[in-house]
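Here's the structure we're looking at; comments come further down.
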Amino acid sequence: GESVGLHLPTLSVQEGDNSIINCAYSNSASDYFIWYKQESGKGPQFIIDIRSNMDKRQGQRVTVLLNKTVKHLSLQIAATQPGDSAVYFCAENTIGNTPLVFGKGTRLSVIA
Amino acid sequence: EPEVTQTPSHQVTQMGQEVILRCVPISNHLYFYWYRQILGQKVEFLVSFYNNEISEKSEIFDDQFSVERPDGSNFTLKIRSTKLEDSAMYFCASYPETNTGELFFGEGSRLTVL
């Protein structure tokens, strides 16, 4: 079946460097994408979202890029901080339809 | 900031016992969900609930599971006869008026089945 997945299960970066977390999706009907951050023992926390009519969206220190041609989504974190250490999930659905389907997750470790 | 609250934070139970996990969604939200996360794995959809009925459920949500919104505020997940493989974090989530956009998650209830 179609699914959302991630290229890298773990990512280690130096504090202050930029981080890039990637996600591949295979459902061509998906038109809404969202990144969640999950700290240990906590629930998923919204970071940023993007609709399929956009290819880039920026938030505070985060940018999401969407490449519909290759069905690829990425999350860029600028000037990574120790507090960014967490597992990051991409998720997708089709607007108006549920449920939100989560990818496998990438663990980001920030080295001080 | 309004939040989804879940109780208990951790429950330990014996195999075969019934468990009820409770959630209080954000007050003006209309769409409610339960998700499950086995340790170290991804977040998996269990069931969605809208207008006092199940709108969608996954293969995981078999006859041992049920959901209820008994009093207009609480949203519960019941597991009738727990199995070892039910051990997981269970997350409640809700949407406001439309079922798209940011899905708001609670902090989760950890279920340990012995």
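Does any residue in the range A:98-112 that is farther than 14 Å from A:Cys23 by Cβ and without any contact (Cβ under 8 Å) to a residue 40 or more places away in the chain come within less than 6 Å, Cβ to Cβ, of a residue that is assigned to a loop (DSSP other than H, G, I, E, B) and open to solvent by 20 Å² or more (accessible area, probe 1.4 Å) six or more places away or on a different chain, and which pairs are these?
The qualifying pairs are A:Thr98/B:Asn99.
Of everything in the range B:43-63 that's surrounded by 12 or more Cβ atoms within 10 Å (Cβ to Cβ) and among the polar types (S, T, N, Q), which residue is nearest to the other protein chains (Cβ to nearest Cβ)?
B:Ser48
Based on what the data block shows, is B:Ser66 more than 14 Å from chain A (Cβ to nearest Cβ), loosely packed, with under 14 Cβ neighbours inside 10 Å and more than 20 Å from A:Gly103 (Cα to Cα)?
no
(1) surrounded by 14 or more Cβ atoms within 10 Å (Cβ to Cβ); (2) within 16 Å of A:Val101 (Cα to Cα); (3) at pLDDT 90 or above; (4) out of contact with any Cys (no Cβ under 7 Å at 6 or more places or on another chain): which one isn't true of B:Ile38, the others all being true?
(1)
If you take the residues in the range B:73-87 that are in a strand (DSSP E or B) and aliphatic (A, V, I, L, M), which one is nearest to B:Phe32 (Cα to Cα)?
B:Leu77
So, of the residues in the range A:37-60 that are among the basic types (Lys, Arg) and surrounded by 15 or more Cβ atoms within 10 Å (Cβ to Cβ), which turns out to be farthest from the other protein chains (Cβ to nearest Cβ)?
A:Arg57
The values are calculated or read from the model by the stated rules, or taken from the named source; none is laboratory data. Here the structure is a predicted model, which is why all the values come from computation and not from measurement. We place every Cβ from the backbone using ideal geometry, glycine too, and count neighbours over all the protein chains shown. These accessible areas exclude ligands, DNA and RNA; they are computed on the full protein's heavy atoms, side chains included. Shrake-Rupley method; radii C 1.70, N 1.55, O 1.52, S 1.80 Å.
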